[in-house]
Amino acid sequence: TDFEIRQSLQQMVAADGEMKADSDPVPGNRKYHYFLSLLLPLDRVRQDRESHPEGDVLYHCLQVFELAREQRPWDEDFLIAALMHDVGKGIDPMDHVTVGLAALEGYISDRTRWLIENHGLAQRVKDGTAGARARRRLTNAEDGDALDLLANCDRDGRHPGRIVCTAEDAIEYIRQLEEENEAE
């Protein structure tokens, strides 16, 4: 059940966001193993069919990742935000952004955190339900264009039957991108 999945995830994630069972000695590998451990159970977490006709959370996250990769294949922070933006739904669907960010603490950049933290507000700005102050704040934000693009990908990543990569392939793409960026 969704409850059992959430309970398992909560047991795997310690209070400080560290994965209890992860023992890979390479720090970068630990991060990507951790991302996978948060993503993979999401294939059993169903979403509201009206707002998410595509079905489970993992499939949605992979759709958002694919759309983001089409737009910014070089932007590691943006791609991680696209892939991980809803991981908190597997832990606490009522406050998934806060819980997801707590679980990701120490594994993501400040920019990725900001994108995930504000993607819901960007959605509300797009549909006209956010106030003028929020609209101004996001419009004037340094990374407002990336946030707007993430909100578009999130909105468009809700189609049943869309072809997506696996979670492992998405993680591997980001891992290789990180290696390329470090080599430069």
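Using every Cα-Cα pair within the stretch 52-93, state what percent have a distance larger than 13 Å. The share of Cα pairs beyond 13 Å in the stretch 52-93 comes to 51 percent. For residue 129, the accessible surface of its heavy atoms amounts to roughly 100 Å² (probe 1.4 Å, protein chains only, rounded to the nearest 10). Pair-distance distribution of the stretch 133-184: all C-alpha pairs, bin width 10 Å, starting at 0; shares per bin in whole percent are 20, 28, 34, 19, 0.
Eigenvalues of the alpha-carbon gyration tensor of the stretch 23-164, scaled by 5 and square-rooted, set the equivalent ellipsoid semi-axes at 23, 19, 15 angstrom, largest first. Please work out how much accessible surface residue 114 shows to a 1.4 Å probe, ignoring ligands, DNA and RNA, in Å² rounded to 10. Counting only protein heavy atoms, the figure is 60 Å². Expressed as a whole percent, the accessible area of the stretch 61-108 that falls on carbon and sulfur atoms is 53 (1.4 Å probe).
Net charge near residue 97, counting Lys/Arg +1 and Asp/Glu -1 over other residues with Cβ under 15 Å of its Cβ?
Every neighbour counted, the sum reads -3.
Placing 107, 32, 173 in order of accessible area, with the largest value first and a 1.4 Å probe, yields 173, 107, 32. All other residues whose Cβ lies under 11 angstrom from that of residue 169 are scored, Lys and Arg at +1 and Asp and Glu at -1, for a net of -1.
The values are calculated or read from the model by the stated rules, or taken from the named source; none is laboratory data. Small disclaimer: the values here were computed from a predicted structure and weren't measured. Backbone-built Cβ (ideal geometry, glycine too); neighbour counts: all protein chains shown. The area values use the complete protein model at the heavy-atom level, side chains included, leaving out ligands, DNA and RNA. Shrake-Rupley method; radii C 1.70, N 1.55, O 1.52, S 1.80 Å.
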